[in-house]
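Have a look at the structure below before the remarks.
Bear in mind these aren't lab numbers, they're just calculated from the coordinates by the rules spelled out. Just so it is clear, the model here is predicted, and its values are computed rather than measured. In this analysis, Cβ positions are derived from the backbone assuming ideal geometry, glycine residues included, and neighbour counts consider all displayed protein chains.
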Amino acid sequence: MIDFITFCDYAGTFAFAVSGMRLASAKKFDWFGAYVVGAVTAVGGGTIRDVLLGATPFWMTQASYMVITAFSLLFVAVFRKYVIRMNNTLFVFDAIGLGFFTVVGLAKTLEYGFPMWVAIIMGTITGAFGGMLRDTLINEVPLIFRKDIYASACVVGGLIYYACQFTAMPPELVQFVAAASVFVTRAIAVHYHISLPVLKGEE
């Protein structure tokens, strides 16, 4: 059986790849273009994290991530009527990927011996930067630069992960709670239209 972090990594890869491919389909990309957008969404944040940590990017040593991305393309192609037409599909898959990848980034950074504040930054990069690259590729303003609670949700998840380490909770439960907190924070912010204040220049 795979451990929970590996599950998060694979589930996040699938969810982010689907979110990227859904946007690519809305822009009428072909299959190859959609695969590229999905792959960049799925591995972009983790690649930046690994480069900063001085590690070989994870997808270069494990082909499973590219295989999961290919499976995501087939999933979108087979269920395109449901995936593409549902307005909330992008949000659900993107929020799931955000939560899972934040936890993966936190755990890997701590495994490399860095302090918790660095882990929170790396968790945020792992979770949010794949979506940033996705939006850039399809010529959209990245969510991370808008007033939406997006990267901030990753920070919340990181802080909860840190707080839970002072409890008797097993590691797997800590990771689950942190991932769920990212998803819930994002969902609450969208449902109740909670956003960060906009930085305005002189009018």
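Listed by Cβ neighbour count within 10 Å, with the fewest neighbours leading, Val198, Val36, Val18 appear as Val198, Val36, Val18. Over the chain, with a Gaussian network built from C-alpha contacts below 10 Å, which listed residue (Arg49, Arg80, Arg134) shows the highest mean-square fluctuation? Looking only at Arg49, Arg80, Arg134, the biggest GNM fluctuation is shown by Arg80. Rounded to the nearest 20, the size of the Cβ-charge dipole of the chain about its Cα centre is 560 debye, with Lys and Arg at +1 and Asp and Glu at -1. Of Lys200, Lys27, the sequence from fewest to most neighbouring Cβ atoms within 10 angstrom is Lys200, Lys27. Shape analysis of the chain places it in the oblate category; the axes a ≥ b ≥ c from the Cα gyration tensor give an a/c of at least 1.5, with a/b not above b/c. Residue farthest toward the positive end of the dipole of the chain, with Cβ of Lys/Arg at +1 and Asp/Glu at -1: which of Ser195, Ser25, Leu73? Farthest towards the positive end: Ser25.
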